[in-house]
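Notes follow once the structure below has been shown.
The values are calculated or read from the model by the stated rules, or taken from the named source; none is laboratory data. Predicted, not measured: the structure shown is a model, and the values here were computed from it. So basically every Cβ, Gly included, is an ideal-geometry build from the backbone, and we count neighbours across all protein chains shown. Please note that ligands, DNA and RNA were not included when accessible areas were found on the heavy atoms of the full protein model with its side chains. Shrake-Rupley method; radii C 1.70, N 1.55, O 1.52, S 1.80 Å.
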Amino acid sequence: MSSFRPALIKTLNGEVSKKPPVWLMRQAGRYLPEYRELRKNTGSFLNLCYSPNLAAEATLQPIKRFGFDAAIIFSDILVIPDALGQPVSFQEGIGPVLDPLSGIDDLKKLKKENIIDRLNPVYEAIQIARADLSKDKSLIGFTGAPWTIATYMIEGGTSRDFLKTKRWAFSKPEEFKKLIDILIDAITEHLISQIEAGADALQIFDSWAGILPEKEFDLWCLRPIKRIVSGVRGKCPGIPIIVFPRLAGERYIKIAEIDGVSAVSLDQTVSLNWAKKFLQPKVTLQGNLDPVYLLAGGRVMREETSRILDTFRNGPFIFNLGHGVLPSTPLKHVIELCEFIAERGLQD
Ligand code: CP3
């Protein structure tokens with residue numbers, strides 16, 4: 001057995017390096033001409049996600065172009081409702097569309113058995129991508145968190161105010177818990193299967209963690225994530241886990257304190273000095289350049305990147321964005337960003 005560990009894994013295990021590992025959320029996607037080309041021939045977005053060779057190719061595109069330290073498997077958080085039998089489609093200019101769950105009776109329609117069989121193409125894509133990736137690069141598996149996935153299942157897509165989901169969760173918590181419990185089990189299985197297929201680390205996206213009052217945050221974000229992390233770690237003790245509780249503010253501390261969480265991914269609203277003081281002593285940090293700086297490029301992008309690197313340089317840190325790459329991001333800004341981080345990393 002070789003003891004070689006790639007940069008991302010070392011940092012997730014708490015090591016401090018001069019040049020932080022770099023990858024970007026949504027690094028595969030429409031801002032890449034080769035992705036747009038691939039998409040022309042793949043039919044629906046989910047069809048691409050469920051075509052192992054093509055999904056593996058999309059996964060590796062940003063690594064080939066920019067040399068990032070990690071690839072993230074090309075998939076989506078909404079494969080979970082799809083696998084549970086609530087079909088998902090992605091419509092141009094609208095986003096995801098689901099036939100919304102409207103109450104406890106609809107939970108009976110969810111097929112909890114065999115979701116791993118239905119998600120098998122994702123695991124095949126992981127095997128192919130891992131085999132094509134050099135050993136100094138890591139492959140990240142991922143999932144949405146129960147709360148975020150539940151919002152899409154209940155609203156039927158993206159929402160502005162999440163009224164239906166919040167109303168259900170607040171007024172009938174014992175019913176809502178049944179949905180969250182179904183999701184906890186499905187997500188835990190999905191993550192374990194991704195590790196078995198070859199994922200080196202995991203990220204849990206709780207994109208809508210920031211819209212809940214404290215009591216509900218504890219019930220519907222914190223507790224489910226705790227259960228998932230302990231379920232996954234129980235099976236795969238060494239696997240590093242990153243959690244992204246977007247817009248959670250000071251509640252990032254609660255996530256960082258979960259036993260088994262290796263890193264938290266910071267959205268762009270988190271104050272750097274606060275994170276350095278209260279989070280970095282507990283976990284590895286990842287983030288948090290506003291994707292609009294990457295869109296803007298140039299001096300402003302470099303200044304903000306410097307501020308982030310300077311703040312987090314004495315603790316374990318992975319460079320990333322505060323949210324996903326925007327589709328209109330110019331390629332040359334991404335190249336500029338990678339070069340800038342590489343140069344700065346070598347200086348003292
Ligand atoms: O490169 C990567 O980061 C890996 C792939 C990835 C995708 N989605 C591919 C994708 C990841 C990690 C996701 C996560 C995801 N998906 C989240 C959590 C992160 C976040 O953004 O908050 C959420 C909420 C979703 C749900 C989702 N998927 C929406 C709302 C949309 C439509 C909006 C959009 O950008 O088009 C998607 C579609 C989607 N997922 C695309 C990609 C590349 C665009 C599809 C296309 O046009 O080809």
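With +1 on the Cβ of every Lys and Arg and -1 on the Cβ of every Asp and Glu, and nothing else charged, how large is the dipole of segment 232-271 about its Cα centre, in debye rounded to the nearest 20?
Working: 5 positive and 4 negative charges, 33 e Å.
The dipole of segment 232-271 has a size of about 160 debye.
What percentage of all Cα-Cα pairs in segment 123-210 are separated by more than 18 Å?
Values: 2007 of 3828 pairs.
Every Cα pair in segment 123-210 considered, those over 18 Å come to 52 percent.
Taking K and R as +1 and D and E as -1, what net charge do the other residues with C-beta under 15 Å from the C-beta of Glu92 add up to? Provide the component values of the computation, followed by the final result.
Numbers: positive: Arg30, Arg36, Arg39, Lys40; negative: none.
Surrounding charge for Glu92 is +4.
Using only Cα atoms, find the angle between the long axis of helix 120-132 and the longest principal axis of the chain, and express it within 0 to 90 degrees, rounded to the nearest 10.
The angle comes out at about 10 degrees.
Per the 1.4 Å probe, what fraction of the accessible area of segment 10-87, in percent, lies on carbon and sulfur atoms?
On the way: 1430 of 2980 Å².
Whole-percent figure for carbon plus sulfur exposure: 48.
Pop the C-beta distance of Asn53 and Arg223 into the FRET formula with R0 = 51 Å and round what comes out to the nearest 0.05. Please list the in-between numbers first.
Working: r = 38 Å, r/R0 = 0.75.
Between Asn53 and Arg223 the formula returns 0.85.
For helix 298-312, what angle does its Cα long axis make with the longest principal axis of the chain, in degrees from 0 to 90 and rounded to 10?
Helix 298-312 sits at roughly 80 degrees to that axis.
Using the Cα centre as the reference, give the magnitude of the dipole from point charges on the C-beta atoms of the chain (Lys, Arg: +1; Asp, Glu: -1; all else neutral), rounded to the nearest 20 debye.
Details: 44 positive and 41 negative charges, 87 e Å.
Dipole magnitude for the chain comes out near 420 debye.
What percent of all Cα-Cα pairs in the chain falls into each 10 Å bin, going from 0 up to the bin containing the maximum distance?
It works out to 5, 26, 36, 26, 7, 0, 0, in whole percents.
Given Leu107, Gly260, Asn273, which one lies farthest toward the positive end of the charge dipole of the chain, if we put +1 on the Cβ of every Lys and Arg and -1 on the Cβ of every Asp and Glu?
About the Cα centre, the residue reaching furthest to the positive side is Asn273.
Please list, in order along segment 45-55, the HN-Hα scalar couplings obtained from phi with the Karplus expression 6.51 cos²θ - 1.76 cosθ + 1.60 (θ = phi - 60°), rounded to whole Hz, x for Gly and Pro.
Along segment 45-55, the couplings run 4, 5, 4, 4, 4, 9, 9, x, 5, 6, 5 Hz.
Would you mind counting up the charge near Asp82? Only other residues with Cβ under 10 Å from its Cβ, with Lys and Arg at +1 and Asp and Glu at -1.
0
Give the residue from Gly43, Thr59, Pro33 lying farthest towards the positive end of the charge dipole for segment 23-124; charges sit on Cβ (+1 for Lys and Arg, -1 for Asp and Glu) and the dipole is referred to the Cα centre.
Pro33
For segment 212-301, what number results from the quotient of the Cα radius of gyration and 2.2 N^0.38 Å? Intermediate results must be reported in sequence, preceding the final value.
Values: Rg = 14.5 Å, N = 90, 2.2 N^0.38 = 12.2 Å.
That ratio works out to 1.19.
Just to confirm a number: summing +1 for Lys and Arg and -1 for Asp and Glu over residues other than Leu139 whose beta-carbon lies under 15 angstrom from that of Leu139, what do you get? Walk me through the numbers before you get to the answer.
Values: positive: Arg5, Lys64, Arg130, Lys135, Lys137; negative: Glu57, Asp69, Glu124, Asp132, Asp136, Glu196, Asp200.
Local net charge: -2.
Measure off 7 Å from each Cα along the Cα-to-Cβ vector at Lys215 and Ile94, then give the distance between these two points in nanometres to one decimal.
Placing both labels 7 Å along Cα→Cβ, they lie 3.7 nm apart.
What distance in nm separates the two pseudo spin-label positions at Asp185 and Arg167, each 7 Å out from Cα along the beta-carbon direction?
2.9 nm
Would you work out what percent of the accessible area of segment 208-348, with all protein chains in place, is carbon or sulfur (probe 1.4 Å)? Walk me through the numbers before you get to the answer.
Values: 3110 of 5980 Å².
That share works out to 52 percent.
Over segment 199-348, one equal point on each Cα, no solvent: what is log10 I(q)/I(0) by the Debye formula at q = 0.08, 0.11 Å⁻¹?
-0.24, -0.44
Can you pull the Rg over Rh of segment 1-146, Cα-only, Kirkwood?
Values: Rg = 17.3 Å, Rh = 16.9 Å.
Rg divided by Rh gives 1.02.
For segment 164-269, which semi-axes, largest first and in whole Å, follow from the square roots of 5 times the eigenvalues of its Cα gyration tensor?
Working: eigenvalues 108, 60, 23 Å².
Those come to 23, 17, 11 Å.
At 1.4 Å probe size, with every protein chain present, just tell me what the per residue accessible area of segment 257-345 comes to in Å².
Values: 3640 Å² over 89 residues.
About 41 Å² of surface per residue is accessible.
Average projected area of the Cα convex hull of segment 161-207, in nm²?
Working: hull surface 15.9 nm².
Averaged projected area of segment 161-207's Cα convex hull equals 4.0 nm².
Classify segment 86-138: rounded, prolate or oblate, from the alpha-carbon gyration tensor (a ≥ b ≥ c, eigenvalue square roots; a/c under 1.5 rounded; otherwise prolate if a/b is larger than b/c)? Intermediate values should be presented prior to the final figure.
Working: a/c = 3.82, a/b = 1.83, b/c = 2.09.
In terms of gyration-tensor shape, oblate.
Measuring with a 1.4 Å probe in the full set of protein chains, what accessible area per residue, in whole Å², belongs to segment 36-120?
Numbers: 4080 Å² over 85 residues.
Solvent-accessible surface per residue comes out at 48 Å².
Can you sort Glu34, Glu113 by solvent-accessible area, 1.4 Å probe, largest first? Could you put the intermediate results ahead of the total?
Details: Glu34 50, Glu113 120 Å².
Most to least solvent-accessible, the answer reads Glu113, Glu34.
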